[in-house]
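Quick note: the coordinates plus some simple rules give every number you see, no bench work behind them. The structure displayed is predicted, hence computed values, not measured ones. A quick note on method: Cβ atoms are made from the backbone with ideal geometry, for glycine too, and the neighbour counts reach across all protein chains shown.
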Amino acid sequence: MNLSQLQYFPLALPHFSLLVVIFLVLVVWIEVRALRLAYMNIGLGPRAAVLLLLASLGGSYLNIPVARLSAQHVVSGQEVAFFGMHYVIPMVVDWPGTIIAVNVGGAVIPGLLSLYLLVRNQLWVRGLFTVAGVAVVCHILAEPVPGLGIALPVFVPPASAAIVALLLSRRDAAPLAYIGGSLGTLIGADLLNLDKIQGLGAPVASIGGAGTFDGIFLTGILAALLASIFGPPVRSRVGAMQVRP
């Protein structure tokens, strides 16, 4: 098995380019400080947020193999359409079967950031409920797709994460949405459906990769928007001064 064949961008070029455009718009927005307060409310500096989103986009190319299913006929070098999105199936040669992998941009980075937000904001109970709620929704709506693995409609993770987070806490809606949208999707769509991978003919079944990466990435964008709307206001020194009559 050639490990270089495991590395590929999970989305077809037009759809991946759309995520890149969204990212660039967000960078411009941050640079003019329109979202500086939003990311402060999430618990990140604006530059750190840009670097993490960029790392997530770039890291979507990298898959870390963790297991291998028994040899079977695999689909190779195609694109699969699912709910309007086109996902890439890599070109493979002499492939031993389905490789279970962990995607760096869609699983490792969002997972670590979610744990950081849980610890920093002490959201253990509400975070658990948010993750559980999103996981249930994602598990119900996730579908096994031949040649690809497990796929989910792109707006399910951010929409379900936003609804559950806002129901639990408006003040902490942003970090809760990111935590729930990331961990809930990984658990509900990917991990709880690993038993359905066998027989799909997917050369790579990537946790957080093709099929769920786009939804997890958009969850990060949504969390910033929620923070800008529902985050606690920060008063400047001038605004905080009381003028005596």
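If you count, for each residue, the other Cβ atoms within 10 Å and average over each peptide, how do 144-150, 17-23 line up from highest to lowest?
Details: 144-150: 21.9, 17-23: 14.0.
Top of the packing list down: 144-150, 17-23.
Of the peptides 198-211, 52-65, the order by per-residue mean of other Cβ atoms within 10 Å, starting with the highest, comes out as 198-211, 52-65.
Amide H to amide H, which residues 5 or more places from Val102 or on other chains are under 5 Å from it, using H placed in the peptide plane? Residues meeting the amide H criterion: Ile64, Val66, Ile207. Between Val125 and Arg170, the modelled labels are 2.1 nm apart [label points 7 Å from Cα along Cα→Cβ]. Using 0.36 nm per residue and subtracting the Cα-Cα separation, the extra length available between Val25 and Arg47 on full extension is 6.5 nm. For the pair Leu13 and Leu191, a Förster radius of 41 Å applied to the C-beta separation gives a FRET efficiency near 0.90, rounded to the nearest 0.05.
Amide H contacts under 5 Å for Ala12: His86, Tyr87, Val88, restricted to partners 5 or more places along the chain or on a different chain, H placed in the peptide plane at 1.01 Å from N.
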